[in-house]
Amino acid sequence: MPTVVALLRAVNVGGRKVSMADLRELFESLGYADVRTYIQSGNLLFSAPRPPKPAVLESAIQGRFGLAVDVMLRSGAELQRVVEGNPFPDADRSRLHVGFMGTKPTAAALASLDRDAFLPEQCAVAGREVYLHLPDGMARTKLPTYVLRQLKVPATIRNWNTVTKLAELAHS
């Protein structure tokens, strides 16, 4: 069975605590196998006979934990393409992040982005991912909030180390 990676938005931030052990248990109760988590920020890897629907997982999480959580799903192959498609290959990896979107943004939403307004910070959209190069770090940046608000799609952001580790785990 192929490995699926679930990226949960806004888990274990702002008082929205969810135990990774409880998340593993929930996913196992839904019939998924080889359920693993990676760090405490809502990253799950599991085997599924067919791709699950995000809405089913979101509903199960809402029912079990009482939290409305957006779930972005990617296959191991999709994560590997994200890593290989990095449009900022010379960037300091500690300053690189990827926003995983639930759907591709519309052409109009993409056209509305003012990519120069936040320089030296940069963003690049590729399919359902938005790459963010944040030379001064994530702490004070306004670019991710701006980009996701303009694109009008649910998304969750992971740092580059997490992205590459999830891609590696999805293939192990």
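FYI, it's all coordinate maths here, none of it is from the lab. None of the values given here were measured: they were computed from a predicted structure. We place every Cβ from the backbone using ideal geometry, glycine too, and count neighbours over all the protein chains shown.
The table that follows gives values for the structure above.
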{"read-out": "Folded to 0 to 90 degrees: helix 54-65 orientation relative to the chain principal axis, Cα", "value": "70"}
{"read-out": "Calculated [θ] (222 nm, deg cm²/dmol) that DSSP helices of n ≥ 4 give over the chain, each run adding -39,500 (n - 2.57)", "value": "-9500 deg cm²/dmol"}
{"read-out": "Relative counts (whole %) of C-alpha pair distances in the range 85-160, using bins that are 10 Å wide", "value": "21, 58, 22, 0"}
{"read-out": "As computed over the range 3-77, the Cα convex hull volume per residue (Å³)", "value": "79"}
{"read-out": "For the chain, the Rg and Dmax computed from alpha carbons only, in angstrom", "value": "15.9, 47"}
{"read-out": "Order of MET138, MET72 under a 10 Å beta carbon neighbour criterion, fewest first", "value": "MET138, MET72"}
{"read-out": "In Hz, Karplus ³J(HN,Hα) per residue of the range 17-23 (6.51, -1.76, 1.60; θ = phi - 60°; x = Gly, Pro)", "value": "7, 9, 5, 5, 5, 5, 5"}
{"read-out": "Whole-Hz ³J(HN,Hα) from phi, Karplus 6.51 cos²θ - 1.76 cosθ + 1.60, for the range 94-109, glycine and proline x", "value": "6, 10, 10, 9, 10, x, 9, 9, x, 9, 6, x, 6, 4, 5, 5"}
{"read-out": "Relative contact order (%) - criterion: Cα under 8 Å, at least six apart; region: the range 87-172", "value": "43"}
{"read-out": "15 Å Cα-Cα reach of LYS142 towards aspartates and glutamates, excluding residues that sit fewer than 8 places from it in its own chain", "value": "ASP114, ASP116, GLU121"}
{"read-out": "Residue-by-residue Karplus 3J(HN,Hα) for the range 72-79, coefficients 6.51, -1.76, 1.60, Hz, glycine and proline x", "value": "9, 10, 9, 7, x, 5, 5, 5"}
